[in-house]
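**Student:** Take this structure, written in structure tokens, and hold onto it; I'll ask about it next.
No lab work stands behind these numbers, since they all come straight from the coordinates. It should be emphasised that the depicted structure is a prediction, and the values quoted were computed from it without experimental measurement. FYI the Cβ positions are ideal-geometry reconstructions off the backbone, even for glycines, and counts take in every protein chain you see.
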Amino acid sequence: METQGIYVLLAAAFIKLKPFLLMVFLQVGYAFLYIVSMLCLNRGLSHYILVVYRHAAATIAVAPFALIFERKNRPKMTLKIFIKIMALAWIEPVIDQNLYYLGMKYTSATFSSALYNIVPAITFIMAIILRLEKVNLKRRHSQAKIVGTIVTMGGAMIMTLYKGPILEMFSEKSSAHIETTSTNVGTGQNFLVGTLVLLCSCVIWSGFFILQSITLREYPAELSLTSLIVFLGMVQGAAVALVMEHDFKAWAIGFDSRLLAPVYSGIVGSAMAYYLQGVVTKERGPVFVTAFNPLCMIIVAALGSLILAEQLHLGSVIGAIVIVIGLYSVIWGKSQDHIGSPTLTEGKGNSLELPIVAKDIMDHENTHSGPI
């Protein structure tokens, strides 16, 4: 009986901790995704080709689940919906990810993971412009979102304009290794160009979530929508890659990081992440999911220094801290939106869920066909 009681307590503890454990696991997976992608780019694989292979793997991983679980409730496809899905596939898998990989190549995995924390703030601004988000300046949570957005943008400007001295994370030996082997550290003009490219990627990614939230209203089948986006993104990305890469030898991959990166990003960054984040979002809400994003940045900073021998600058650290402060201000404001709000919709099982627009704005990895 005592043994059975212990098992019951352990099971109850696991159920309580499951959302936290899943999100930590997911952020670790994302962190390795940054590292693997950078290793692949450093080995010479074109980012155009990486995007194609990634979405081929994502299609193989996600499509079977869409065919099985949404076979009976998949909405009817119309020309209007198909055009929107084509636009989604062009915006995110093709334009955004190519810009993202290019920006990461010019800067670093650590810098990229830190800068991408501004996506919720940019999405919030775009939602206001498109009147998808209402702001009441008299309400504290609206003030928090506005202040958080301003602070987040300030952090991005610090990271862009101020580089600062190099910080030694581990040892002098690592520093020597950096000087002799690092190939991905952007300097001078390349670093600035890479930062601007990443900022453009953030804006485009935010636009993707806005359009995605609108499309989900007309085509509320998340798995099917994701499958179509990654498949069409693969097709459109292949067309772009064929134009940009004239040497067919560039498409060759072996059993190394050039193969690991697209397979890992497709399976972990798309299929597995979609499922895990969907489970946690349904149980704890999108705000809970978003709150774990800075953990990925910390892990990438450590792994980037150890594995990639990346340089960590003071400006990046200060900017990242400011961005995280602003991010959590925006998150807190979003978390208060549903308290006493008449815009809540009652879902199945009498559970209350955020409206689809607000949900997708904050859940900025919802389709997991994003850059990381």
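**Student:** Measuring from label point to label point, each 7 Å out along Cα→Cβ, what is the Trp251 to Leu21 span in nm?
**Tutor:** That separation, rounded to one decimal, is 4.4 nm.
**Student:** Moving on to the next point. How large, in Å, is the range 1-62 by the Kirkwood hydrodynamic radius built from its alpha-carbon pairs?
**Tutor:** So the Kirkwood estimate lands at 14.9 Å.
**Student:** Looking at the range 25-362 from every direction and averaging, what is the projected area of its Cα convex hull in nm²?
**Tutor:** Projected area, direction-averaged: 18.0 nm².
**Student:** Between the range 10-63 and the range 92-148, what is the C-alpha centre distance in whole Å?
**Tutor:** Between the Cα centre of the range 10-63 and that of the range 92-148, the gap is 20 Å.
**Student:** Shifting gears a bit: Considering only Asn117, Met234, Ser142, whose Cα is most displaced toward the positive end of the charge dipole of the range 25-362, charges sitting on Cβ of Lys, Arg (+1) and Asp, Glu (-1)?
**Tutor:** Of the options given, the answer is Ser142.
**Student:** Would you mind checking the pairs Lys163/Lys334; Lys105/Lys145; Lys105/Lys163; Lys282/Lys334; Lys16/Lys72 and listing those with alpha carbons more than 23 angstrom apart?
**Tutor:** The pairs that break the limit, which is 23 Å between Cα atoms, are Lys163/Lys334; Lys105/Lys145; Lys16/Lys72.
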